[in-house]
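The values are calculated or read from the model by the stated rules, or taken from the named source; none is laboratory data. The structure displayed is predicted, hence computed values, not measured ones. No Cβ is skipped: glycine too gets one built from the backbone with ideal geometry, and neighbour counts run over all protein chains shown. Surface areas here come from the heavy atoms of the whole protein model, side chains and all, with no ligands, DNA or RNA. Shrake-Rupley method; radii C 1.70, N 1.55, O 1.52, S 1.80 Å.
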Amino acid sequence: MTTEAKTPLLERIPYQAILLGACAAIAAALLLGVDNATREPIAQRKMEDLQQSLAQVVPDTLHDNNMVAKPLLLTGADGKEVKIYQGTKAGKVTALVWETVGFGYAGEIRTIIALDPEGKILGTRVLSHKETPGLGDKIEAAKADWITKFTGLSLGNPPEDQWKVKKDGGQFDQFSGATITPRAVVKSLHEALQFFEAHKAEMLEVKP
């Protein structure tokens with residue numbers, strides 16, 4: 001009569017895998033808890049940042065509504081959703097604000113542009129970028145007044161062929177050693193004006 005040799009439990013069960021799985025489950029639970037705990041504060045902070053950005057380009061005197069409450073959703077030329085924030089007063093649209101993106105030397109340059117109902121720029125500000133400090137960062141209002149010079153301009157002012165930096169035959173200044181950066185901003189703002197022209201009727205309709 002033979003007796004079957006018994007294998008120790010720790011040799012029969014891949015306890016290392018079990019231990020690893022348990023650690024992974026604990027880590028996942030912790031991450032989920034942190035995500036749930038921080039999601040609302042992060043969303044609130046983003047909303048506050050958005051409202052501060054809107055306030056920089058649209059004076060409070062131009063609207064009496066909460067511009068971020070009900071954004072108008074349109075589709076951009078790239079197929080992506082575009083959120084349009086409408087400023088209204090006395091039942092009419094008085095300002096339109098949305099985000100536009102250009103591609104500079106170091107990647108995306110995100111700007112916010114505000115237009116009046118006629119398509120004139122009320123103001124524009126750079127929201128984020130990774131351009132070279134001391135060169136490309138002159139697109140920031142805190143570093144130079146370059147970005148403020150777009151105020152009052154429109155699709156026909158200057159003419160279409162002038163919506164370029166001077167190096168390309170247009171009217172806008174470039175920065176010494178950083179032409180790519182202002183070129184990207186000018187291009188994205190020009191495209192934003194074209195977007196308004198293409199969707200003017202929709203953008204000027206007050207949503208209930």
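Worth pointing out:
- Number of residues in the range 75-114 that are open to solvent by 40 Å² or more (accessible area, probe 1.4 Å) and either of a type in the set (Val, Ile, Thr) or more than 14 Å from the chain's Cα centre (by Cα) (or both): the value is 11.
- Which listed residue, of Glu140, Glu131, is open to solvent by less than 30 Å² (accessible area, probe 1.4 Å) and either more than 23 Å from Ala55 (Cα to Cα) or not β-branched (Val, Ile, Thr) (or both): Glu131
- When the range 64-89 is filtered for residues that are out of contact with any Ser or Thr (no Cβ under 8 Å at 6 or more places or on another chain), without any contact (Cβ under 8 Å) to a residue 12 or more places away in the chain and not hydroxyl-bearing (Ser, Thr, Tyr), the ones remaining, listed by number, are Asn66, Ala69, Leu73, Asp78, Gly79, Lys80.
- The lone exception for Gln56 - which of (1) in contact (Cβ under 8 Å) with a residue 40 or more places away in the chain; (2) of a type outside the set (Asp, Glu); (3) under 17 Å from Ala201 (Cα atoms) it fails: (3)
- The strands (runs of 3 or more DSSP E) found wholly in the range 47-134 and carrying at least 1 residues that are within 24 Å of Phe175 (Cβ to Cβ) occupy 92-104, 107-115, 121-128.
- Any hit, the range 146-165, residues being in contact with a Lys or Arg (Cβ under 7 Å, 6 or more places away or on another chain), of a type outside the set (Lys, Arg), in a loop (DSSP other than H, G, I, E, B) and farther than 27 Å from Leu74 by Cα: no
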